[in-house]
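Undergrad: Quick one: the structure is below, questions incoming.
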Amino acid sequence: HSVPPKEFSLSKLRIFFALGIVFAVLFACAEPPQKTEAPVQVVSVSELRSKLAEFKNKPLVVNFWATWCGPCSTEVPDLVKFYESVDTAKLKMIGVSADFFVVGDSAKIVAKVRGFLAQKKVSYLNFIYRGPVDSVADLFNLSGVLPETIIYDSSGREIFRHEDLIKLSVLQKASQGV
């Protein structure tokens with residue numbers, strides 16, 4: 001049996017000690033993981049109307065979008081930045097996916113929407129509308145252009161509408177004072 005020299009043991013101990021400090025600093029400085037998966041529910045027009053009633057007396061931003069819509073995908077980072085910058089106790093925000101407007105397998109569409117939202121790090125509530133296009137278009141007076149963003153004040157009155165891609169600065173300006 002040979003015993004390692006003391007310097008060998010001390011040098012290993014110093015290395016382990018140094019690594020321990022490095023890892024402790026890294027873990028202490030690391031931000032806690034954030035929940036990025038957006039809640040998603042498939043809804044009919046009556047269910048959507050009922051969900052909207054839950055936001056009564058709160059200003060509300062509603063964004064209509066779809067995974068297959070290029071401008072929708074482009075605007076999502078600005079929507080996420082906006083949502084992360086607002087006081088969600090005072091202003092609510094939801095997304096309404098129009099992915100069911102294109103015929104397809106329900107499970108695949110839901111999985112595609114969930115994957116899209118996770119990839120884009122969307123954390124605000126989203127609904128996947130499933131039903132006649134005319135019903136949701138009538139409920140929100142939609143133009144048929146995607147994306148479309150509407151802001152309602154706390155009394156439920158529409159105060160802003162934007163068709164096509166919306167920029168963060170436009171959304172911030174439109175929501176001031178609500």
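The values are calculated or read from the model by the stated rules, or taken from the named source; none is laboratory data. Since the structure is predicted, the reported quantities are computational estimates derived from the model, not experimental observations. Note that we place each Cβ from the backbone using ideal geometry, even for glycine, and neighbour counts take in every protein chain shown. We work out accessible area using only protein heavy atoms, side chains counted, and drop any ligands, DNA or RNA first. Shrake-Rupley method; radii C 1.70, N 1.55, O 1.52, S 1.80 Å.
Undergrad: Considering lysine pairs in region 36-178 that are 8 or more places apart or on different chains, how many have Cα atoms under 13 Å apart?
TA: Step by step, the pairs that qualify in region 36-178 add up to 9.
Undergrad: State the percentage of accessible surface on region 62-161 attributable to carbon and sulfur atoms; use a 1.4 Å probe and exclude ligands, DNA and RNA.
TA: Details: 2470 of 4620 Å².
Looking at region 62-161 in its full context, I get 54 percent from C and S.
Undergrad: Next up: In a shell of Cβ-Cβ distance under 12 Å around Arg130, excluding Arg130 itself, what net charge do Lys and Arg (+1) and Asp and Glu (-1) give?
TA: -2
Undergrad: Under 1.5 on a/c is rounded, so check that first for region 41-126, then, if it is not, pick prolate when a/b is larger than b/c and oblate when it is not; a ≥ b ≥ c are the square roots of the alpha carbon gyration tensor eigenvalues. Mind showing how you got there, number by number?
TA: On the way: a/c = 2.21, a/b = 1.25, b/c = 1.77.
It is oblate, given that a/c is not under 1.5 and a/b is not larger than b/c.
Undergrad: Over the Cα atoms, compute the radius of gyration (one decimal) and Dmax (the largest Cα-Cα distance, rounded to a whole number) for region 71-178, in Å.
TA: Using the Cα atoms of region 71-178, the pair Rg, Dmax is 14.1, 42 Å.
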